[in-house]
Amino acid sequence: VYIPYYNTDKELVGMVTRSLTDYDHEGNRIGGFRYQGINYSEDQLIYNIEKVDTSKTFFVCEGEFDAMLLPNAVSCPFWKKLPVEWKDNAIIVYDNDDFAISEHDIIGAEEEGWTVCHWDDRVLEFDDINDMVSGGMEVSDIVKIILECAGK
């Protein structure tokens, strides 16, 4: 799958390729990364930046598929690359796993003044937004949980 990235002027600035499977056509596990990015410009790759309204509450997800499912959402796995002026309205909603906690430094994000969603036991069995929707949760319910888990 190819996922295009645009800037705020709606110009194509890069893309990410995403393998939809961890296995080849013969059933062998594929090594390496499932995601590969290509940047055509100096612009920071933030998925959906051309459509998000940063003057209202919006969500910063770890992955593009999660951002596709939430209203007013972008994807950027590294909060340190986000525009600092987003702090007031952004809620960082990274995956519900140990990797998100350890590799994305969400504690550091909070120390820098970002609002972070700390998932609670209502969603323990899910890894991310995509899993929640696939598991039958309504997006409106997910948004409500995010806001509560972020203290909003």
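The values are calculated or read from the model by the stated rules, or taken from the named source; none is laboratory data. Keep in mind that this is a model prediction, so the values were computed, not measured. We place every Cβ from the backbone using ideal geometry, glycine too, and count neighbours over all the protein chains shown. These accessible areas exclude ligands, DNA and RNA; they are computed on the full protein's heavy atoms, side chains included. Shrake-Rupley method; radii C 1.70, N 1.55, O 1.52, S 1.80 Å.
Restricting attention to the stretch 118-152, the residues that are part of a helix (DSSP H, G or I), of a type in the set (A, V, I, L, M, F, W, C) and open to solvent by 50 Å² or more (accessible area, probe 1.4 Å) add up to 1. Within the stretch 100-117, being surrounded by 11 or more Cβ atoms within 10 Å (Cβ to Cβ) and in a loop (DSSP other than H, G, I, E, B) holds for HIS104, ASP105, GLU112, TRP114, CYS117.
Using the structure shown, decide if ASP97 is modelled with pLDDT under 95 and surrounded by 12 or more Cβ atoms within 10 Å (Cβ to Cβ). Yes: the conditions hold for ASP97.
Residues in the stretch 23-35: is at least one among the polar types (S, T, N, Q), modelled with pLDDT of 80 or more and open to solvent by 40 Å² or more (accessible area, probe 1.4 Å)? No, there is no match, as no residue in the stretch 23-35 is among the polar types (S, T, N, Q), modelled with pLDDT of 80 or more and open to solvent by 40 Å² or more (accessible area, probe 1.4 Å). If you filter the stretch 44-85 down to residues that are open to solvent by 60 Å² or more (accessible area, probe 1.4 Å) and in a loop (DSSP other than H, G, I, E, B), you find that the one that is farthest from GLY108 (Cα to Cα) is LYS51.
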